[in-house]
Amino acid sequence: MSDGIFTLDAEVRTDLGKGASRRLRHAGKVPAVLYGAGKEAVSLTLDHNKLFQAQGFEAFYSHVLTLNIGKKKTEVLVKDMQRHAFKPIVMHVDFLRIDAKVALHTNVPLHFINEEKADSIKLNGGHAEHHMVDVEVSCLPGDLPEYIEVDLLNVELDQTIHLSDLVLPKGVSLVELNKGEDDHDLAVVTVKLAKGPKVEDESDDDADAEEAPAE
């Protein structure tokens, strides 16, 4: 994956309002807002094509991005992105400034691995019921993982993997578990027996046929 998707050029915009945003989109630009870190919010514009290409990568949403605003570089996270209801168009983006020395809270995707290799699934007719697809983490920007793996290789039937079972990178904690493990150790995935189509018992019909008198 090219690191280029994590660096975007932006310009400060002073022409605000719905009409201005409409004109920007017609010109191939995307309106955006940069806020956080105790500083005033700044309205920006970005090139739509490059942004649209970058947002197609999963890591774009859980990676520290660099915004080049003029000659100044600002490290940010994507906090919100609005898309057109049915057209492949990004309508607006919210960026959050980050401080390398201050822990951040953001969502990181879960990658479920070895699902097709697990004996409980491959040999015993089980299936993985996913209860969540991402988790909220707390860490310094430099420790932010692009994803967290959930290994299903040795998971047995009727077994549930909880948040406390996840293997986290160094310096990373789970926001939910930080509230107290007893009440917030949520289920991540459960391997259950797959429900197949109902098979009707034909034994009674066979018995009836055998007992029917011959004509």
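The values are calculated or read from the model by the stated rules, or taken from the named source; none is laboratory data. Just so we're clear, the structure is a prediction, and the values are computed from it rather than from any experiment. Counting neighbours? That spans all protein chains shown, and the Cβs are built from the backbone with ideal geometry, glycine included. The accessibility values were calculated without ligands, DNA or RNA, using every heavy atom of the protein model including side chains. Shrake-Rupley method; radii C 1.70, N 1.55, O 1.52, S 1.80 Å.
For (1) open to solvent by 80 Å² or more (accessible area, probe 1.4 Å); (2) modelled with pLDDT of 95 or more; (3) touching an Asp or Glu at 6+ places or on another chain (Cβ under 8 Å), each residue gets a yes or a no:
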site: GLN159; (1), (2), (3): no, yes, no
site: GLU181; (1), (2), (3): yes, no, no
site: LEU193; (1), (2), (3): yes, no, yes
site: ALA207; (1), (2), (3): no, no, no
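Of all positions in the stretch 1-15, at least one carries a residue that is loosely packed, with under 15 Cβ neighbours inside 10 Å, closer than 23 Å to ASP134 by Cβ and under 22 Å from the mean Cα position of the chain (by Cα).
I need the full set of residues from the stretch 134-148 which are under 15 Å from LEU177 (Cα atoms) and of a type in the set (Ser, Thr, Tyr), in order please. SER138, the sole residue that qualifies. For SER138, the criteria (1) out of contact with any helix residue (DSSP H, G or I) (no Cβ under 7 Å at 6 or more places or on another chain); (2) part of a strand (DSSP E or B); (3) small (Gly, Ala, Ser) hold in every case but one, which is (1). The set of residues from the stretch 93-114 being under 19 Å from the mean Cα position of the chain (by Cα) and more than 26 Å from HIS162 (Cα to Cα) comprises VAL93, ASP94, PHE95, LEU96.
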